[in-house]
Amino acid sequence: MTLNGFRARFAGALGRRLFAVGLPFILGACAPDPEVIQSQALETAGRWLDQAHASQATEAAPLPTCHAFGLIKFTDASCDDMIEHAAVLNPATRRIDSVRLLECFGQGIKEVCGEFAEIWFNTQNAEGVSVREGMVLKRDNDAFRMYWYRSDTLFTQITDRAEREEAGTSSAQMADRQEKLDAVYTQIVERDPGVYTYPACIDARVSSSGMIGGLIKQENVTAAELDRRAAQCGKALCLALVGKRIAALCQ
């Protein structure tokens, strides 16, 4: 089925069938006819998906646009991300799963109220694997614009990206702590070379169960004090930084 046929399906038989089974509309008493609003939303959705598909086929094709406020509220995916993931799906397999008109969309600080249409589809990719995708359109001045788009594959990309960023942040924090420890350790060894017997811990997590004795002020760290604590450790003793103090860890 062509994308033009897809749009016709929106406004035609499938749209009427969806109305026949009943759609949950949340509208004020004086709002325009819900069927008219839905038709506008479905037409806009069809055009946006057409443009996304065409933009991947030729560089000359114009890119579809995304609502600026949607991008501001949901920063985990860019407009390019949404276009890319919508474009790789097989348009001939796209089928409407549900349609709702909403007064508000989003939760907490991301919530915006107005006129929204939420549409979910069951689609397939080029390999025939089923993919669920959905889009939310916002109506301003009697015209809809694409506010939010997600698919199974885009959700996966967003999750992977967030995990990489979190891992990168954790690694950066660990590197910063290690750099501070190395600087303090160097000063302590310069004051008492015998401390060099006990190395700085590498990527160690400080816990009460691993500590030998309490925290030590940097100026009180001596080879003699560490020798005393090492005698209570059946493993190797290393030094970690906790705030501005030193912890002797048995590892």
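Readers should treat all values here as calculations from the given coordinates under stated rules, not as data from a laboratory. This is a predicted model, so every value here is computed, not measured. Using ideal geometry, Cβ is built from the backbone for each residue, glycine included, and neighbour counts are taken over all protein chains shown.
Considering only 62, 45, 214, and ranking their Cα positions along the charge dipole of the chain that arises from unit charges at the beta-carbon of Lys, Arg, Asp and Glu, the one farthest toward the positive end is 214.
Once the Cα-Cα distance is subtracted from the 0.36 nm per residue extended length, the residue 231 to residue 161 segment shows a gain of 20.6 nm. Sequentially through segment 127-133, phi angles give Karplus couplings (6.51, -1.76, 1.60; θ = phi - 60°) of 8, x, 7, 5, 9, 9, 9 Hz, Gly and Pro residues having no value and appearing as x. Separation of segment 132-152 from segment 102-129 is 6 Å, based on Cα centroids.
A full extension of the chain between residue 97 and residue 68 corresponds to an added length of 7.8 nm, given 0.36 nm per residue minus the alpha carbon distance.
Run through the DSSP bridge list for segment 192-250 and note the antiparallel percent, rounded to the nearest 5.
90 percent
The length gained on full extension between residue 209 and residue 57, counted as 0.36 nm times the residue separation minus their Cα-Cα distance, comes to 48.6 nm. With R₀ set to 35 Å, the beta-carbon distance separating residue 80 from residue 173 gives a calculated FRET efficiency near 0.70. The phi torsions of segment 65-81, fed into the Karplus equation with coefficients 6.51, -1.76 and 1.60 and a -60° offset, translate into couplings of 9, 10, 5, 4, 5, x, 5, 5, 6, 10, 7, 6, 9, 8, 4, 4, 4 Hz, rounded to whole numbers, with Gly and Pro shown as x.
Just for the chain, what percent of DSSP beta bridges are antiparallel, to the closest 5? List each step's numbers first, then the result.
Details: 37 of 39 bridges.
If I count the DSSP bridges inside the chain, around 95 percent turn out antiparallel.
Taking a straight line from the alpha carbon of residue 217, these lysines sit under 22 Å away, with near neighbours fewer than eight places off in the same chain left out: 180, 244. Who wins for biggest fluctuation among 37, 72, 216 in a Gaussian network model of the chain, springs between alpha carbons below 10 Å? Sorting by GNM fluctuation, first place goes to 216. Estimated from the Cβ-Cβ distance and a Förster radius of 41 angstrom, the FRET efficiency linking residue 251 and residue 88 is about 0.25. Among 101, 239, 49, the residue with the largest mean-square fluctuation in a Gaussian network model of the chain, with springs joining Cα atoms closer than 10 Å, is 239. Calculated FRET efficiency, residue 180 to residue 36, Cβ-Cβ distance, R0 = 45 Å: about 0.10 to the nearest 0.05.
Starting from the Cα gyration tensor of segment 192-250, take the square roots of the eigenvalues, sort them a ≥ b ≥ c, and report rounded, prolate or oblate (rounded when a/c is under 1.5, otherwise prolate if a/b is larger than b/c, else oblate).
Taking the square roots of the gyration eigenvalues as a ≥ b ≥ c, segment 192-250 is rounded.
Look at (i) 1.08; (ii) 1.04; (iii) 1.31: the one that is Rg/Rh (Cα atoms, Kirkwood Rh) derived from this structure is (iii). Taking label positions 7 Å along the Cα-Cβ direction at both residue 196 and residue 111, the computed distance is 6.4 nm, reported to one decimal.
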